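Participant: Here you go, one structure.
The values are calculated or read from the model by the stated rules, or taken from the named source; none is laboratory data. Just so you know, these numbers come straight off a predicted model, no measurement behind them. Cβ sites come from the backbone with ideal geometry, for glycine too, and all protein chains shown count toward neighbours.
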Amino acid sequence: MWKTVESVTEGHPDKVCDQVSDAVLDAYLARDPMSRVAVEAFGGHGVLIVGGEVTSSADVDVELLARKVYADIGYAEDIDVLVHVAKQSPDIAMGVDTGGAGDQGIMYGYAAAETPELMPKPVMMVHALTKRLADLRRLDPAFAWIKPDGKAQVTFENSALRSVLVSTQHDEAMAEDEIELLVREHVILPVVGDLSGVEVLVNPTGRFVMGGFAADTGLTGRKLMVDTYGGLLPHGGGAFSGKDPTKVDRSAAYMCRFAAKSLVANGHAKNVLVSVAYAIGRAEPMMLSAKSGDGKDLSAFVRKHFDFRPQAIIERLGLRRPIYRATAAYGHFGRAEFPWEQVVPL
């Protein structure tokens, strides 16, 4: 069976928008943990638009914050920032105020005994490639020619790696062959190791000088597979970034991962897919399912040990904290710093 997954760097236009959205969320939660936030960003060609709904006692300078995020990522050019934020609809708030879900939808979480992080191996590898690009750019002056935008992709046939693709924005003065050599030796080899029998592609168009908003548009929530399981597992379609934890698109997906990882870590299965569904305004899930890769139904076990009501999720995982900007690049799962990555004894 063939598997291909991708990752993008923090400077990719879509990820810039995700980070702006989550930075806004964090800023509100830091000042008012009960803030209701649903903020999205759209950017491209000199303009960044931040819009959505916020209900909070806090006051945040969204324009200033958006500019700071853009600069922190590594972009020096000035951009026009337009902010259009309103209060959450009272029709939605009516159900959320009583502990109900902030929307209907289906969420999924997965864990597998393939890596120490209990994630699919291709997903961990491809994020390691893009993260290494970013770390070299930020930390090693010899790699200042690397610019913020970039991508990686890996293809496996069963457990065998067949191809690695890395594309990185670069300084105009860098030669194509020099970029290929440096990326192969300092990005790919340290992550992948032995490249025998592996096709390696670096900047296959031969040139990647223009990147970020100068080259493309970006939008919050347009890298759902990069954020989760690389397209190897189902996805309910709801984005994460810019949403406070009353939005089950985010919090319930985290809880599904928390449950799945705990099941695998405790030896109940080698891999588990947990899924849950909600109706807007209702606290109790409409459906909660957990199945192992060999067909074992663990749903009753999950219902016994994990409370999937939205407020219970928020409390168990401590989700009213400003922890979200860090999630907005290099995946939301498989990273020990996040509370849903902890394991409980079962």
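Residues checked against (1) over 15 Å from the mean Cα position of the chain (by Cα); (2) within 18 Å of residue 240 (Cα to Cα); (3) modelled with pLDDT under 95; (4) among the charged types (D, E, K, R):
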{"site": "311", "(1), (2), (3), (4)": "yes, yes, no, no"}
{"site": "316", "(1), (2), (3), (4)": "yes, no, no, yes"}
{"site": "319", "(1), (2), (3), (4)": "yes, yes, no, no"}
{"site": "326", "(1), (2), (3), (4)": "no, yes, no, no"}
{"site": "332", "(1), (2), (3), (4)": "no, yes, no, no"}
{"site": "338", "(1), (2), (3), (4)": "no, yes, no, no"}
{"site": "346", "(1), (2), (3), (4)": "yes, no, yes, no"}
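Participant: I would also like to ask the following. In the set 131, 151, 121, which member is in contact with a Ser or Thr (Cβ under 9 Å, 6 or more places away or on another chain) and within 17 Å of residue 213 (Cβ to Cβ)?
Facilitator: Working: 131 fails: within 17 Å of residue 213 (Cβ to Cβ); 121 fails: within 17 Å of residue 213 (Cβ to Cβ).
Only one candidate qualifies: 151.
Participant: Only one of these conditions is not met by residue 228: (1) in contact with a strand residue (DSSP E or B) (Cβ under 7 Å, 6 or more places away or on another chain); (2) farther than 30 Å from residue 80 by Cβ; (3) β-branched (Val, Ile, Thr). Which number is it?
Facilitator: Status for residue 228: all satisfied but (1).
Participant: Here's a follow-up. Here are 15, 68: which of them is outside any loop (DSSP other than H, G, I, E, B), basic (Lys, Arg) and surrounded by 23 or more Cβ atoms within 10 Å (Cβ to Cβ)? Before you say what the answer is, go through the steps one by one.
Facilitator: On the way: 68 fails: surrounded by 23 or more Cβ atoms within 10 Å (Cβ to Cβ).
Step by step, each of 15, 68 is checked, and only 15 is outside any loop (DSSP other than H, G, I, E, B), basic (Lys, Arg) and surrounded by 23 or more Cβ atoms within 10 Å (Cβ to Cβ).
Participant: Residues in segment 147-157: is at least one surrounded by fewer than 19 Cβ atoms within 10 Å (Cβ to Cβ), more than 22 Å from the chain's Cα centre (by Cα) and free of Cβ contacts under 8 Å to residues at least 24 places away in the same chain?
Facilitator: No, segment 147-157 has no match at all.
Participant: Looking only at residues that are surrounded by 17 or more Cβ atoms within 10 Å (Cβ to Cβ) and among the hydroxyl-bearing types (Ser, Thr, Tyr) in segment 160-198, which one is nearest to residue 140 (Cα to Cα)?
Facilitator: Of everything passing the filter in segment 160-198, 168 is nearest to residue 140 (Cα to Cα).
Participant: For segment 215-242, which residues satisfy the criterion of being outside any loop (DSSP other than H, G, I, E, B) and closer than 24 Å to residue 290 by Cβ?
Facilitator: 224, 225, 227
Participant: Here's a follow-up. Restricting segment 209-229 to residues that are buried (at least 21 other Cβ atoms within 10 Å of the Cβ) and among the β-branched types (Val, Ile, Thr), which is farthest from residue 19 (Cα to Cα)?
Facilitator: That would be 228.
Participant: Then there is this: Output the residue which, of all residues in segment 24-54 that are closer than 19 Å to residue 226 by Cα and hydrophobic (A, V, I, L, M, F, W, C), is farthest from the chain's Cα centre (by Cα).
Facilitator: Filtering segment 24-54 for residues that are closer than 19 Å to residue 226 by Cα and hydrophobic (A, V, I, L, M, F, W, C), the one farthest from the chain's Cα centre (by Cα) comes out as 42.
Participant: Among the residues of segment 58-73, are any among the hydrophobic types (A, V, I, L, M, F, W, C) and without any contact (Cβ under 8 Å) to a residue 24 or more places away in the chain?
Facilitator: So in segment 58-73, the residues among the hydrophobic types (A, V, I, L, M, F, W, C) come out as 58, 60, 62, 64-66, 69, 71, 73.
Filter once more, so that each one left must be without any contact (Cβ under 8 Å) to a residue 24 or more places away in the chain: 64, 71.
There is at least one residue in segment 58-73 that is among the hydrophobic types (A, V, I, L, M, F, W, C) and without any contact (Cβ under 8 Å) to a residue 24 or more places away in the chain.
Participant: For segment 96-108, check the following and say yes or no: at least one residue is assigned to a helix (DSSP H, G or I), touching a helix residue (DSSP H, G or I) at 6+ places or on another chain (Cβ under 9 Å) and surrounded by 19 or more Cβ atoms within 10 Å (Cβ to Cβ). Can you show your working first?
Facilitator: Start the filter on segment 96-108 by keeping residues that are assigned to a helix (DSSP H, G or I), which leaves 96.
From what's left, touching a helix residue (DSSP H, G or I) at 6+ places or on another chain (Cβ under 9 Å): 96.
Right, trim to surrounded by 19 or more Cβ atoms within 10 Å (Cβ to Cβ) and you get 96.
The answer is yes; a qualifying residue exists.
Participant: Only one residue in 336, 312, 260, 252 is assigned to a helix (DSSP H, G or I) and surrounded by fewer than 18 Cβ atoms within 10 Å (Cβ to Cβ), so which one is that? Spell out the reasoning first.
Facilitator: Numbers: 336 fails: assigned to a helix (DSSP H, G or I); 260 fails: surrounded by fewer than 18 Cβ atoms within 10 Å (Cβ to Cβ); 252 fails: surrounded by fewer than 18 Cβ atoms within 10 Å (Cβ to Cβ).
Matching residue, one of 336, 312, 260, 252: 312.
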